[in-house]
1. Give me the pairs: first residue in the range 13-24 and under 15 Å from residue 200 (Cα atoms), second residue in a helix (DSSP H, G or I) and modelled with pLDDT under 95, beta-carbon distance under 7 Å, and six or more apart or on different chains, which are they?
2. Quick check on my filter: what residues within the range 220-242 are part of a helix (DSSP H, G or I) and in contact with a strand residue (DSSP E or B) (Cβ under 8 Å, 6 or more places away or on another chain)?
3. Checking the structure you have, find out if any residue of the range 174-189 is free of Cβ contacts under 8 Å to residues at least 24 places away in the same chain and in a helix (DSSP H, G or I).
4. Which one of these is touching a helix residue (DSSP H, G or I) at 6+ places or on another chain (Cβ under 6 Å) and modelled with pLDDT under 95: 111, 125?
5. For the range 1-58, what are the residues that are part of a loop (DSSP other than H, G, I, E, B) and in contact with a strand residue (DSSP E or B) (Cβ under 6 Å, 6 or more places away or on another chain)?
6. Farther than 26 Å from residue 174 by Cα and buried (at least 22 other Cβ atoms within 10 Å of the Cβ): which single residue out of 120, 88 fits that description?
7. Report, by residue number, each residue of the range 150-167 that is outside any helix (DSSP H, G or I) and either out of contact with any strand residue (DSSP E or B) (no Cβ under 6 Å at 6 or more places or on another chain) or free of Cβ contacts under 8 Å to residues at least 60 places away in the same chain (or both).
8. I'm trying to understand the selection: among the residues of the range 213-242, which are under 21 Å from residue 180 (Cα atoms) and exposed (fewer than 14 other Cβ atoms within 10 Å of the Cβ)?
């Protein structure tokens, strides 16, 4: 395994995770990868995500080989390997041992806002679809090993990107780079093939947008799910970088 700094940012969907990947990708010392376990997740679950067949054809389907790649030489010889990870892609039967070899951190978002965005892509989301149970599980495992994994909230990032990203970099023992605050518009070669289904809005951006509260109503049938999400979210939110 090379000596590069490896950062696994565990997020759920609709959590500004792609904007944060853009931010890290703006650093000249950093290589970013986009949801490397997505194909394995789709093969195992059979879920009808947009462009599922294309995703499966585009990525390694064996999670063990993916994990080995994440721990191997960093492409382009970069010093930092930023891994945008969807926590729900870490299925229960996937061994977690490799997580001790990366710096684990967490991106969360207020559940009501997350769910009202997610339901436009997955009309009937489940708790597992949100990634929150998996985030809490990974967080607890890192803590059990004596670690203090950093947590950032999407709203905090949008309200104070320089402050929160500076604190995140400090927690990860990486020097903050001012170039993390802006980027060129458009898609990237490092984006997954699903970008055309999911990244339309972020492809038009050049920086983090200003936080805007969402007033879209949540369907009544998702109220029990919201309550479950809020309980898990609070466990991580209380630990966030302020």
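1. Within 7 Å, the pairs are 13/118; 14/117; 14/118; 18/202; 19/202; 22/202.
2. 233, 236, 237
3. yes
4. Unique residue meeting the criteria: 125.
5. 4, 15, 29, 35
6. Only one candidate passes the filter, namely 88.
7. 160, the sole residue that qualifies.
8. 242, the sole residue that qualifies.
The values are calculated or read from the model by the stated rules, or taken from the named source; none is laboratory data. No experiment lies behind these values; they were computed from the predicted model shown. We place every Cβ from the backbone using ideal geometry, glycine too, and count neighbours over all the protein chains shown.
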